[in-house]
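For reference, the structure I am asking about is given below.
None of the figures in this text is laboratory data; all of them are computed from the coordinates on show. For clarity, every value in this text was computed on a predicted model and none was experimentally measured.
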Amino acid sequence: MYKLKILLADDHDSFRRILIAFLRAQKNIEVVGEAVNGQEAVEQTERCHPDLVLMDIHMPKQNGIEATKAIKNRCPGTKVFILSMDPSEFYRRNTQEFADGFIAKSSIKNALLRVLACEQTNYELANAVAA
């Protein structure tokens, strides 16, 4: 069975731990790494080659926007979804320029369950979350 390889980048320890526990409980997910800042997210992505990076937008050292652009430049096959506490349309529209998707942290569980319901090939990820 194919397992979707995910890297989580978020500087909030408690959120990161809870989300990683949720992801690891899913039979078709493998958490291949985690990062506490944007710079570390880029390094981990190059090292672990995840299918999907879940990237917090506000992080130290290198914010999620800069890190996402670097990942898309260095690892173009990796999908990056931006995570934010602010579900406003501003963030959704502006992240479309450089990321593959946007997930409001308040609805992350349902959004990820939609991703997992897909066949989980890279090109289906954005459509699953957008639905």
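By how many nm would the segment from M85 to N28 lengthen if fully extended, with 0.36 nm per residue of separation less the alpha-carbon distance? If you can, show how the numbers build up before the last one.
Values: separation 57, 0.36 × 57 = 20.52 nm, distance 2.60 nm.
Extra length from M85 to N28 when fully extended: 17.9 nm.
Using 0.36 nm times the number of residues separating E46 and S14, minus their current alpha carbon distance, what extension gain do you get? Walk me through the intermediate numbers first.
Details: separation 32, 0.36 × 32 = 11.52 nm, distance 2.49 nm.
Contour length minus Cα-Cα distance gives 9.0 nm.
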